[in-house]
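The values are calculated or read from the model by the stated rules, or taken from the named source; none is laboratory data. Here the structure is a predicted model, which is why all the values come from computation and not from measurement. Cβ: placed from backbone, ideal geometry, glycine included. Neighbour counts: every protein chain shown. Quick note on the areas: whole protein, heavy atoms, side chains included, nothing else; ligands and nucleic acids left out. Shrake-Rupley method; radii C 1.70, N 1.55, O 1.52, S 1.80 Å.
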Amino acid sequence: MENINGEKGGICCIGHITHDKIVTPRHTVHLPGGTAYYFGHAMSRLGKVPFNLVTSLADSDLSAVEELRGAGIDVEVIPSRATVCFENIYGEDYNHRTQRVSAKADPFTEEKLSGVRGEVFHLGTLLADDFSLGVIKSLSRRGRVSVDVQGYLREVRGEKVEAIDWKDKEEAYPYIDILKANEHEMEVLTGSRDAVEAARHLAGKGVKEVVLTLGSEGSLIYSGGMEYHIPAFRPREVVDATGCGDTYMAGYLYCREQGKSITESGLFAAAMCTLKLEGSGPFKGSEEEIMEVLEKGEG
């Protein structure tokens, strides 16, 4: 297959870039965010697989797109009346925050994505209505579909973010080649706190490759009836965990698209996460640094 620029194959990430507002008693900071932003930056540091990003946001936030383009990423923008805006408000106790969504972008539709091409479509969901079941089915006819499930489990009511289950999950699973969830999300989807049990449940429903990220416990990948336990590598220090799941999936899909094994791909992704944890903002490392983490092998 070809991507939107006519290049052969590759990975296409689709998702909203967000406008994040972080309010503390002393500062208010505005930052770009979202799966598309963190996944895109991670892919910009890896050069062997064709990659393009499809996002949707308001004209007022196009600086985040220019930042990605400046990093060498091919970005297609679908105009939206607004940008997703997450507000995280902290008091003196930084362990507690109030989160609200003050604006939502237009959802992605089959019509808007009709010209998008790729071998792998990675859907970076942020909110439950970002991608309909019809979009998943449509993309599955053109390539493999990878879904980060987090957004399907969050719904905005008023401006409050509510935890929900994914209403279309049973029908969607057979169209999903790779599904990524963390330990909390897998429990919502399956009712199980056991990663192996949860992975088997999802595979039994039709998901071909299940990727479960388990924080400091590493990750579990389940495919073809086989379990692959991937250790987490110990970071020198933890600076910023934001976007770690997106960084993991960038590394994982990057390797899988090159035909590497599940174990090789999982280890590469885990090493990327370690480097991401050690710095603030999106991933800024190199493939050489990732290989150094792998060679040290300190899980």
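Data overview
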{"read-out": "Burial order of peptide ranges 49-61, 227-239 (average beta-carbon count within 10 Å, highest first)", "value": "49-61, 227-239"}
{"read-out": "Computed [θ] at 222 nm, helices only, for the chain once each DSSP H run of length n ≥ 4 contributes -39500 (n - 2.57)", "value": "-8500 deg cm²/dmol"}
{"read-out": "Chain lengthening between TYR90 and ARG26 when straightened (0.36 nm per residue, less Cα-Cα)", "value": "22.0 nm"}
{"read-out": "Ordering of 178-185, 119-126 by burial proxy (mean other Cβ atoms within 10 Å per residue, highest first)", "value": "119-126, 178-185"}
{"read-out": "Relative pair counts by distance (%), Cα atoms of segment 132-278, 10 Å bins", "value": "11, 41, 36, 11, 1"}
{"read-out": "Qualifying trypsin sites (Lys or Arg not before Pro) for segment 10-107 [loop in DSSP, other Cβ within 10 Å: at most 13]", "value": "ARG26, LYS48, ARG81"}
{"read-out": "Diffusion constant of segment 169-239 at 4 °C, which comes from Stokes-Einstein with the Kirkwood Cα-pair radius and 1.567 mPa s, µm²/s", "value": "104"}
{"read-out": "Convex hull per residue volume in Å³, alpha carbons only, for the chain", "value": "129"}
{"read-out": "Nonlocal amide H pairs with GLY279, under 5 Å, H built at 1.01 Å", "value": "VAL239, ASP240"}
{"read-out": "Accessible solvent surface per residue of the chain, calculated while the other protein chains remain in place, 1.4 angstrom probe, Å²", "value": "44"}
{"read-out": "Dmax and Rg, reported as Rg then Dmax, of segment 249-294 (C-alpha, Å)", "value": "10.1, 31"}
{"read-out": "Percent RCO, i.e. relative contact order, over the chain, from Cα pairs under 8 Å lying at least 6 residues apart", "value": "16"}
{"read-out": "Spatial extent of segment 137-194: Rg and Dmax, with the Cα atoms as the point set, Å", "value": "12.6, 36"}
{"read-out": "Percent of beta bridges antiparallel (DSSP, segment 34-176, rounded to nearest 5)", "value": "50"}
{"read-out": "Violating pairs (Cα-Cα greater than 24 angstrom) within the set LYS48/LYS104; LYS169/LYS276; LYS137/LYS276; LYS137/LYS208; LYS21/LYS169; LYS104/LYS284", "value": "LYS48/LYS104; LYS169/LYS276; LYS137/LYS276; LYS21/LYS169; LYS104/LYS284"}
{"read-out": "Kirkwood Rh (inverse of mean 1/r, distinct Cα pairs), segment 107-206, angstrom", "value": "14.0"}
{"read-out": "Along each principal axis, Cα extent of segment 1-157, largest first, Å", "value": "52, 32, 27"}
{"read-out": "Amide H contacts of LEU57 (H built 1.01 Å from N, under 5 Å, at least 5 apart or other chain)", "value": "ILE78, SER80"}
